[in-house]
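Report on the following structure.
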Amino acid sequence: MLKVYNTLTREKEELQPIKPGIVTMYSCGPTVYNYAHIGNLRTYVFMDMLRRAIKYNGLKIKGVMNVTDVGHLLSDGDEGEDKMEKAAKEQKKTPREIADRYTEIFFRDLELLNIGKPEIIAKATDHIDDMIKYVTDLLDKGYAYETSDGIYFDISAFPEYGKLSRLNLEDQIAGARVEVNAEKRNPADFALWKKAEKNHIMQWQSPWGMGYPGWHIECSAMSRKYLGVTFDIHTGGVDHIPVHHENEIAQSEAREGCKTVNVWMHGEFMLVDGGKMSKSLGNTYTIAQLEERGYSPLAFRYFCLNAHYRKKLNFTFEGMDAAQTAYTRLLETLYKHKVSKEDLPSEKLESYKAQFCAAVNDDLNLPLALGVLWTMAKETPCKNVYRAALDFDRVLGLSLDKAHAPEKSEEPVPQNVIELANKRLAARKAKDWAQSDKLRDEIAALGYKIADSKDGYTVEKI
Ligand code: AMP
Ligand code: ZN
C-alpha cells in the first residue's frame, strides 16, 4: 500500500482513492513564458515518480495538468505585469506565439526526461468561461466583492484561511509585499478577476466588463471541471504552499462547501551551488544547456532520483558528473545480467523486489529504491536480475532497457579528464578553436585521447 506525505496533515497517509482503483490528481503546470529550468523540471520529475508509483501499485490514474498562458502576474500576489504579456512585448511576438513556443519546448523536455504526460492538459485560455462561472458563484455566495479594478476574494469570509501553510493571517500579511489598494477589505484578499486597461493585450468579455482571470482561479476551475468536487491528490512545488495553494483551497472550499483535495503533496526546491536559482546569477540551467555540456537528460533524472523529493537538492556540475558516471555504470552493469544465462535463486530475487516496493511505497523513498537496485545489480550476472531491473524501471523511468556493453575501457575516465572534456565541448560550441586545441593537449598530457562525436565527444585511454 502506497503511503504519501500530506502537507495538509503533516503526516504520511495511506493513499485511499475516492473511487476504488483510480487516482484523480491535479498538478500545477508551467507558466509558458520562458524555458523551464532544471528546478522547475525537478518538480515534474517528482510528479512523474508519483504517477509511476501509483501505477506500480496497480492503480489507474486520471491526471490533469494546467498550462498557464494568461493571468500569472510577476508576483504570485496581484502585482506587476502579466508574465505572458511582458515576454510577448520583449520578444516582439503575440502572447499566443510565446505560449505555443514554450509549451512545445516544455513537452519536449518532459519527453527527454521520461516524464509521462498527464492524461489531460488544460490551457488556461481555453477555460475562461469556466473561470467566469466560478467567480460568479463566489460573488453569489458572498465570498467575493467587486472593486474598481477587479473582483476579489474576501478571506475574512473563510475563517480556515492559512490551514495549509499554518501561517496565521498576520504572518501572511507581514510576508506579503505591502500593496496599496484602499478598496480591498483585507490586505491579503486576492484577485479572482482583473478589469483590463485598454492597452492590455489579452482580455475577455465578462459580467464585469473586459478583463482577465487571476492565476489561482485557473487551477480551481479546471480541477473542478475535470476531476469533480473532491479529488485525491494535488501536487506542486513548495513555493506554492503559502499563496497559490492556500488561495485555491479558499476558492474551492468556499464554492463547494466541503473539502476538495484529500492529499496535498509538494516537491522541495532545487538549489544551485547551495543558493537560490535566479536569472540574474546566470544559474538557471535548461535541459538544452545540460545537453550542450555533454550530459544526457536521463543523467539529470538520475541526479534527481538520488534525493528524496521532500529534501532540498543542491545542483552542482560535480554532482552532475557523478550522476552521469553512475548512470552509465548502471547501464553497463545491467548489460552483464541481460546477456547472462544464469538465474538468481527466486527467494533472493523476491527479497529484492519486496525491498524495492517497500521503499517506493514509503512516501516515494527513491534514493533507497535506487540503492536496492544497485545492490541487486552487484550480484553475479543473472538474467532474472535484468528482468527485475526492468520491472523497477516502471517506477524509476531510467530507460534501463538501454543497458549496453561497456564502451571499451572498463576503467572509469577520471573526473578531471571529464571536466576538461566538458570545457572543450563548451569551447567548441563557442567556436573558440584555440581554447579547444589547448584543452585537447591538456587531456592528452593526462593520457587520454578525445574525439568529437555526434552526441558530443568520446574519450579513451591512449
Ligand atoms: P512556474 O512555471 O514558475 O509556475 O513554476 C513551475 C513549477 O516549478 C512550480 O510547481 C514551482 O513550484 C516549481 N519550481 C520553481 N522553482 C523551482 C526550484 N528552484 N526547484 C524546484 N521547483 C521549482
Ligand atoms: Zn496551480
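Every read-out reported here was derived from the displayed coordinates using simple, explicitly stated rules and does not represent laboratory data. Since we're looking at a predicted model, the values are computed, not measured. Note: ideal-geometry Cβ built from the backbone for every residue, glycine included; neighbour counts use all protein chains shown.
What to note about this one:
- Here the stretch 1-46 is treated with +1 on each Lys and Arg Cβ and -1 on each Asp and Glu Cβ, and its dipole about the Cα centre works out to around 40 debye.
- Judged by the ratio a/c of the largest to the smallest principal axis of the C-alpha gyration tensor, the stretch 211-354 counts as oblate, that ratio being 1.5 or greater while a/b is no larger than b/c.
- Of the cross-linked pairs 276/311; 141/184; 312/402; 184/259; 348/378, those separated by over 21 Å at the C-alpha level are 312/402; 184/259.
- Other residues whose C-beta falls under 12 angstrom from the C-beta of residue 94 contribute a net charge of +1, scoring Lys and Arg +1 and Asp and Glu -1.
- Here is how the number arises for the chain: DSSP H runs of 4 or more residues each give -39500 (n - 2.57), the sum is divided by the residue count, and the result at 222 nm is -13500 deg cm²/dmol.
- Integer Hz, Karplus 6.51/-1.76/1.60 couplings in order for the stretch 359-374, x for Gly and Pro: 5, 4, 6, 8, 6, 6, 7, 6, x, 5, 4, 5, x, 4, 4, 5
- Where GluC sites (Glu not before Pro) fall in DSSP loop in the stretch 396-448, at most 15 other Cβ within 10 Å: 407, 410
- Rounded to the nearest 20, the size of the Cβ-charge dipole of the chain about its Cα centre is 1140 debye, with Lys and Arg at +1 and Asp and Glu at -1.
- Rounded tilt (10° steps) of 246-256 against the dominant C-alpha axis of the chain: 60 degrees
- Each of 211, 88, 24 was scored by the projection of its Cα onto the charge dipole of the chain, and the greatest displacement toward the positive side belongs to 24; charges sit on the C-beta of Lys, Arg, Asp and Glu.
- The smallest convex shape that holds all Cα atoms of the chain, its convex hull, gives 149 Å³ per residue.
- Highest-first packing order for the peptide set 428-436, 253-261 is 253-261, 428-436, based on the mean count of other beta carbon atoms within 10 Å.
- The alpha-carbon atoms of the stretch 386-462 define a convex hull whose volume equals 117 cubic angstrom per residue.
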